[in-house]
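Report on one structure; see the data block that follows.
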């Protein structure tokens, strides 16, 4: 059986890693029975060529021009929408011809820019099986609802990242319960984490008593809230520092806010890091302040590193993962006062009830192990 991954992207969102690991799970555990391919629609996957080859995944090139992809606008809302349109226009004919040559034993897995293959599915007949893989918390605008509802009967399966998202889509009557299943992304590699966390990192050795946040500096990740909340808890915990790893369009705004609240000297904006695990190793806790996540890859990676988590109760992943504070601490989203209360509880538990902290870490670690490649592969087989 052949598995073809359709995932055009403009920036390296977490879905990119999930696709690579999903495809690798097939080559690693199927003994050659399941063969994965990644479609390189406009050159977006070219930079991963060596990694793809090493993992014994095949790359199917629709368009070879690297300059076309590099020159696509991607840093503004309208620029990215224009780029998506260009990707569709450049790929539609090749994708149609490609799909027409697939057979009954082929699976076509749709991750990003799903509108093009779904429109094909609605208007044309294909022999291969289409799987819609919902990546992240879906924004249910009118067009998406209409497209998903119209394509439901022709879709072989729909995979949701969390139970909450599945329930939302079923209750919204977009997909039937029998059509949609939960499939957790393969983002955790325990052995690799144990090696990477021991890599010497000069930057972090200079910082003590810090909490950490990892993610793109965007509206969704809500680091503005984190800086505001940090400024409040900093009044009591004078030695506390905040480390933020990631790049994004809001960096200048975050710096401005830190200066305004007089905490700029206690916040370390260290940019994007390929290896975040040494930073996790020495942190007091991991803080997720996102407005929405599904499921929240960095949070799960932190749990796999046995780092305690404090997270917003945003839709949909964190609330499900933390599970009534059994695997960490949840605070009310957007509420700095409640964040302060939860942080106080965490500090008290650390001092007075370390066994409680250890239990939360252990339960989170156990749940994180459900996001390994082997678990993912096993669930794919179950759902075929």
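The values are calculated or read from the model by the stated rules, or taken from the named source; none is laboratory data. Note that this is a predicted model, so its numbers are computed, not measured. Positions of Cβ are backbone-derived with ideal geometry, glycine not excepted, and every protein chain shown enters the neighbour counts.
Tell me which residues, restricted to the stretch 141-165, are under 17 Å from the mean Cα position of the chain (by Cα), outside any strand (DSSP E or B) and either at pLDDT below 90 or surrounded by 15 or more Cβ atoms within 10 Å (Cβ to Cβ) (or both).
161, 162, 164, 165, listed by residue number.
Here is a list of conditions, (1) buried (at least 16 other Cβ atoms within 10 Å of the Cβ); (2) part of a loop (DSSP other than H, G, I, E, B); (3) at pLDDT below 95, and residue 208 meets all of them except one; can you say which number that is?
All conditions pass for residue 208, except number (1).
Could you tell me whether the stretch 129-140 includes any residue that is over 16 Å from residue 18 (Cβ atoms), at pLDDT 95 or above and surrounded by 15 or more Cβ atoms within 10 Å (Cβ to Cβ)?
Taking every residue of the stretch 129-140 in turn, at least one turns out to be over 16 Å from residue 18 (Cβ atoms), at pLDDT 95 or above and surrounded by 15 or more Cβ atoms within 10 Å (Cβ to Cβ).
Free of Cβ contacts under 8 Å to residues at least 40 places away in the same chain and either closer than 24 Å to residue 227 by Cβ or out of contact with any strand residue (DSSP E or B) (no Cβ under 8 Å at 6 or more places or on another chain) (or both), is that true of residue 331?
Values: free of Cβ contacts under 8 Å to residues at least 40 places away in the same chain: yes; either closer than 24 Å to residue 227 by Cβ or out of contact with any strand residue (DSSP E or B) (no Cβ under 8 Å at 6 or more places or on another chain) (or both): yes.
For residue 331, the condition - free of Cβ contacts under 8 Å to residues at least 40 places away in the same chain and either closer than 24 Å to residue 227 by Cβ or out of contact with any strand residue (DSSP E or B) (no Cβ under 8 Å at 6 or more places or on another chain) (or both) - is met.
Could you please find all residues in the stretch 213-253 being part of a helix (DSSP H, G or I) and either more than 22 Å from the chain's Cα centre (by Cα) or surrounded by 19 or more Cβ atoms within 10 Å (Cβ to Cβ) (or both)?
The answer is 223, 225, 226, 227, 228, 229, 230, 231, 232, 233, 252, 253.
Could you grab me the full set of residues in the stretch 285-310 that are on the phi < 0 side of the Ramachandran plot and within 10 Å of the chain's Cα centre (by Cα)?
Correct list: 293, 294, 295, 297, 298, 299, 300.
From 316, 275, grab the single residue that is within 17 Å of the chain's Cα centre (by Cα) and crowded, with 24+ Cβ neighbours inside 10 Å.
Unique residue meeting the criteria: 316.
I'd like to check which helices (runs of 4 or more DSSP H) are fully inside the stretch 47-125 and have at least 3 residues that are within 22 Å of the chain's Cα centre (by Cα) and modelled with pLDDT under 95.
77-100
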